[in-house]
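The values are calculated or read from the model by the stated rules, or taken from the named source; none is laboratory data. Please read these numbers as outputs of a predicted model, since none were measured by experiment. Cβ placement follows ideal geometry from the backbone for every residue including glycine, while neighbour counts extend to all protein chains displayed.
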Amino acid sequence: MPDAKLFAGHRIKRLRRQSGLTQAAMADMLEISPSYLNLVERNQRPLSATLLLKLAETFDFDTRSLSDDEPGGGEEGLRRRLADPLFADLDIDRTELQEWLAAAPGGVEAFARAFDRLAQEGTAENVADLDPIIPVRRAIERWKNHYADLDSQAEELADELRLGAGDLYGAIAERLRSRHQLTIRILPADVMPDRLRRLDLHARQLQLSEMLDQASRTFQAGFQLAQIEAKAEIEALIAGAEMDQEVSRRLYHRHLAGYFSAALMMPYSRFLRACEASGYDLELLQRRFGAGFEQVAHRLTTLQRVGARGLPFFMLRIDRAGQLSKRYGGASNTPLAEGSDYCPLWAIHRAFDRPGEIARQLIELEDGSRWFTLARTVHPVARTPEGIRAEFAIGLGVDADHAAPLIEARGLDLKGEAVPIGLGCRACTRAACPQRSAPPAGRAILVNDRERGLAPFAFAGD
């Protein structure tokens, strides 16, 4: 080793932790005082040649790795990162870098990791921009999935249709026929084996599969009506979103037409009154408005009209593998609607074990926020000719402080014990979780052959 002073406290501390030793135990093995080892670990004392030899003999590692393992790649690594235009106005000289490395190696490493993570996410962001779904999700989040103009127009139309017929599906069918010269035709599954809805402009027909249940038929008919009568409002929203890709604009168009159709089936004022009067009874709401469970759950996330707000629900939809296919945060501001991985301790996963039943659960995230959640499976009506049918679980939730009016929350102590969950193992830093499948990102893994904790991984900071 060269005669220059070598400060490697971060590496010595990591070695000690990986060996499962206290400072006193390691100091005893190195035949130095605990106070001296403490100074070495804090980079207030350099490593002497004698101590280096003792480390090599006792712990069997190459001392050359000490100089190769400087925080953040050492002085050169810091200089490379600080060359970013973000820091162009800072005059940081070599002496400052050396002092920073010596005085706060942990801070240097934290800065390096944060910088690299942000750089990586920036690259990922550029890649994400190529995904046509990302701009659609951003647009929905920007509006908190509440479109006041579409809601008002759908509500007025729903009231007008009610005057003509008590059956909404029949009223929509008649309006399509009389005003837009489109008839609805229900076709056998063998005629439309791979389609649920098709618009045949030559025959002036909206063709629907016989596989659709009544709620789905009404929704698809309303979807077609939305594309005609709410065309201007939908196109204005799409133009305002300024999406680069045509497929993104088409996906957003589909979401907005679906929003209008759901608002037609569940007009805002009547639906909100029914929610508040029934304690947000999901089964009652389904029956009263002729809607499916997923349609009602989604509608609950949209009730944000100024002066007439509903509870701030969020909604997710996952499959058995935990893959996310829908998420609407609404006005909930929950982290659960932002991620893509979900804790296996959350009851949404157990919903698949009891199809059709609602599983309720009070959960608490690492940030201390508490949520009352409901989960239930749904089965889309479509299936392949081979009989393959999809199955999803819907997760619906609201801040525990707002959950008291819910009929499903009755008898539950909303201030009582909650199930602690995380946002997926890679984002969760709960230490003693036996369900953990992976260590948290950005935390050093600690391996101790002498001990085995509850969790399969131990990591720095636990």
- How many of the residues in the range 415-452 are surrounded by 14 or more Cβ atoms within 10 Å (Cβ to Cβ), of a type in the set (Gly, Ala, Ser) and out of contact with any Lys or Arg (no Cβ under 9 Å at 6 or more places or on another chain)? 3
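Examine the range 397-409 for a residue that is part of a strand (DSSP E or B) and crowded, with 22+ Cβ neighbours inside 10 Å, and state whether such a residue exists.
Looking only at the range 397-409, we keep the residues that are part of a strand (DSSP E or B), and these are 397-399.
Okay, now just the ones that are also crowded, with 22+ Cβ neighbours inside 10 Å, so 397-398.
Among the residues of the range 397-409, at least one is part of a strand (DSSP E or B) and crowded, with 22+ Cβ neighbours inside 10 Å, which makes the answer yes.
Would you pick out the residues in the range 151-202 that are of a type in the set (Asp, Glu) and over 35 Å from the mean Cα position of the chain (by Cα)? Lay out the reasoning, then the answer.
Narrowing the range 151-202 to residues of a type in the set (Asp, Glu): 151, 155-156, 159-160, 167, 174, 190, 194, 200.
Correct list: 159, 160, 167, 174, 190, 200.
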- The residue that is farthest from residue 278 (Cα to Cα), considering only those in the range 293-330 that are without any contact (Cβ under 8 Å) to a residue 40 or more places away in the chain and assigned to a loop (DSSP other than H, G, I, E, B), is 321
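Give me the residue from the range 331-389 that is among the hydrophobic types (A, V, I, L, M, F, W, C), part of a loop (DSSP other than H, G, I, E, B) and under 17 Å from the mean Cα position of the chain (by Cα) and, out of that set, nearest to residue 134 (Cα to Cα). Walk me through it before giving the result.
The first filter runs over the range 331-389 and keeps only residues among the hydrophobic types (A, V, I, L, M, F, W, C), leaving 331, 336-337, 343, 345-348, 351-352, 358-359, 362-363, 365, 371-372, 374-375, 378, 381-382, 388.
In the following step, the residues that additionally are part of a loop (DSSP other than H, G, I, E, B) were identified as 331, 343, 345-348, 358, 365, 381-382, 388.
In the following step, the residues that additionally are under 17 Å from the mean Cα position of the chain (by Cα) were identified as 331, 343, 345-348, 365.
On the way: 331: 19, 343: 23, 345: 28, 346: 26, 347: 27, 348: 24, 365: 25 Å.
Result: 331.
Every residue, every condition in (1) farther than 29 Å from residue 311 by Cα; (2) touching a residue at least 12 places away in the same chain (Cβ under 8 Å); (3) in a helix (DSSP H, G or I); (4) of a type in the set (Lys, Arg), yes or no:
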site	(1), (2), (3), (4)
199	yes, yes, no, no
211	yes, yes, no, no
222	no, yes, yes, no
228	yes, yes, yes, no
236	no, no, yes, no
262	no, yes, yes, no
- Within the range 41-98, restricting attention to residues that are within 30 Å of residue 30 (Cβ to Cβ) and of a type in the set (Lys, Arg), which residue is modelled with the lowest pLDDT? 64
- Would you tally the residues in the range 1-14 being crowded, with 17+ Cβ neighbours inside 10 Å and within 24 Å of residue 458 (Cα to Cα)? 6
- Output for the range 119-161, where each listed residue is surrounded by 12 or more Cβ atoms within 10 Å (Cβ to Cβ), more than 23 Å from residue 252 (Cβ to Cβ) and modelled with pLDDT under 75: 119
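What tally of residues in the range 371-382 results from selecting those that are free of Cβ contacts under 8 Å to residues at least 60 places away in the same chain and surrounded by 18 or more Cβ atoms within 10 Å (Cβ to Cβ)?
Of the residues in the range 371-382, the ones free of Cβ contacts under 8 Å to residues at least 60 places away in the same chain are 371-373, 375, 377, 379-380.
Subsequent filtering for residues that are surrounded by 18 or more Cβ atoms within 10 Å (Cβ to Cβ) retains 371-373, 375, 377.
Matching residues across the range 371-382 total 5.
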- When you scan the range 383-396, how many residues do you find that are out of contact with any Pro (no Cβ under 9 Å at 6 or more places or on another chain) and either crowded, with 18+ Cβ neighbours inside 10 Å or hydroxyl-bearing (Ser, Thr, Tyr) (or both)? 4
- Among (1) modelled with pLDDT under 95; (2) more than 39 Å from the chain's Cα centre (by Cα), residue 246 falls short only on (2)
- Message: Of the conditions (1) under 25 Å from residue 98 (Cα atoms); (2) in contact with a Pro (Cβ under 8 Å, 6 or more places away or on another chain); (3) not charged (D, E, K, R), residue 37 satisfies every one except a single condition; which number is it?
- Response: (2)
